[in-house]
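The values are calculated or read from the model by the stated rules, or taken from the named source; none is laboratory data. What you see is a predicted model, and the numbers here were worked out from it, not measured in a lab. Cβ: placed from backbone, ideal geometry, glycine included. Neighbour counts: every protein chain shown. Note: areas computed on protein heavy atoms with side chains; ligands, DNA, RNA excluded. Shrake-Rupley method; radii C 1.70, N 1.55, O 1.52, S 1.80 Å.
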Amino acid sequence: MSQVLVVTSGKGGVGKTTSTAAIGAALALSGQRVAVVDFDVGLRNLDLVMGAERRVVYDLINVVQGEAKLQQALIRDKRLETLYVLPASQTRDKDALTEEGVTRVMEELRGHFDWVVCDSPAGIERGAMLAMRHADVAIVVTNPEVSSVRDSDRIIGMLDSKTLKAEKGEYMEKHLLLTRYDAARAERGQMLKVDDVLEILSIPLLGIIPESEAVLNASNVGCPVTLVDTDSAPARAYLDAARRLEGENIPMVVPSERRGFMSKLFGRRAA
Amino acid sequence: MTIFNFFKPTRSAPVARDRLQILLQHERVSAGASDLIAKLREEILGVIARHVDIPADKVQVKMQRGDAVSTLEVEIELPNPVRRRAEAAA
């Protein structure tokens, strides 16, 4: 059965696109057919993070408006043959996304894929609402920081009221993905702890992604972190998160970097 | 600023947690209320519009939150002369 997953947050810059790419790739690694869909019309970036920016011909809006077929707009990933990207338009404005058009495209995507992962734009405007509209499951990406937690709370309220599932009176499945987490700073009382965020937002935890260089390295080279640096702490955290999404029961840990003795001694940087 | 501050880092996270808990408690209530008001307004307008021609902006619904009770204020402005709808009159 096909699942539509929205990756959302309210606040910008918390890691929605990074997480969409990493989790989409992680799901595809187990052989499932996955489409990652960029809803950030006018500010597309999922293509860049996935390393597909030079292969964009048609985009989501072309398909929504019937100017291109879905198959023409989907870009197949070069590394995984079951992973596809549907880019957003870079030029047109958000009003070009019509509700009926998006509904039709989502139905068609459901027919071809096991997972349709929708990367929401920041904010609570039209694009964000349309990205979550058809979702069966939501990932709320949150940084351990006050403004991000507040915006996540707002988005959780919208997931429970503005989605098709919510309107039908069904339960909207929501998961918290805590990103850019620094266990040492949390331990010193300088950053909200996992439990603090969980207590405030009260949705189940999908994963804890530690702050790490590997994330920027991955986006620099245009490859999901779960494919390029699979042994890094964030990659392992995303891989576990994807398995939890598939229903596996995996103990929750804060992954840490596997560092050698010398790098532990000399490699420490100022926070 | 003394030298002791260096050894005792500021524990700001508990402050963040408390501020968020207070703020979100408030925001969740008001978000729920604004949904309720929008719904009430829509339904009240629907009932009146079945019988009388009325512009959509002439129904105002306000909620005042008190400690013990809250009050709901509904203000409906009917245009003169009141024009009854045909099906209602029939």
Whole-Å distance, taken between Cα centres, linking segment A:165-226 and segment A:13-64: 19 Å
Simple Cβ-charge dipole of segment A:1-105, Lys/Arg +1 and Asp/Glu -1, about Cα centre, in debye nearest 20: 320 debye
Integer Hz, Karplus 6.51/-1.76/1.60 couplings in order for segment A:188-195, x for Gly and Pro: 7, x, 9, 9, 3, 7, 3, 5
Relative contact order [Cα under 8 Å, 6+ residues apart], chain A, whole percent: 23 percent
Efficiency of FRET from Cβ geometry, B:ASP67 and B:VAL47, R₀ 35 Å, rounded to 0.05: 0.65
Segment A:81-232, relative contact order [Cα under 8 Å, separation at least 6], %: 17 percent
Averaged over A:187-197, number of beta-carbon atoms from partner chains that fall within 10 Å: 4
Under-5 Å amide H pairs with A:CYS118, H placed in peptide plane, nonlocal only: A:LEU5, A:VAL6, A:VAL7, A:VAL37
Shielding score for B:12-25, defined as the mean number of other chain Cβ atoms within 10 Å: 5
Distance between segment A:231-259 and segment B:19-87 - C-alpha centres, whole angstrom: 48 Å
Largest to smallest accessible area among B:ARG17, A:ARG154 [probe 1.4 Å]: A:ARG154, B:ARG17
Chymotrypsin sites (Phe, Trp or Tyr not before Pro) within segment A:161-257: DSSP coil, no more than 11 neighbouring Cβ in 10 Å: A:TYR171
Accessible area in the full protein assembly, largest first, 1.4 Å probe, for B:LYS62, A:LYS69, A:LYS165: A:LYS69, B:LYS62, A:LYS165
Inter-probe distance in nm under a simple model that places probes 7 Å from Cα toward Cβ, at A:LYS168 and A:VAL253: 3.9 nm
The protein assembly as shown - share of DSSP beta bridges that are antiparallel (%, nearest 5): 25 percent
Dipole magnitude of segment A:24-166, debye to nearest 20 (Cβ charges: Lys/Arg +1, Asp/Glu -1, about Cα centre): 260 debye
Estimated distance in nm for a label pair at A:GLN71 and A:ALA96, the labels positioned 7 Å out from Cα along Cα-to-Cβ: 2.4 nm
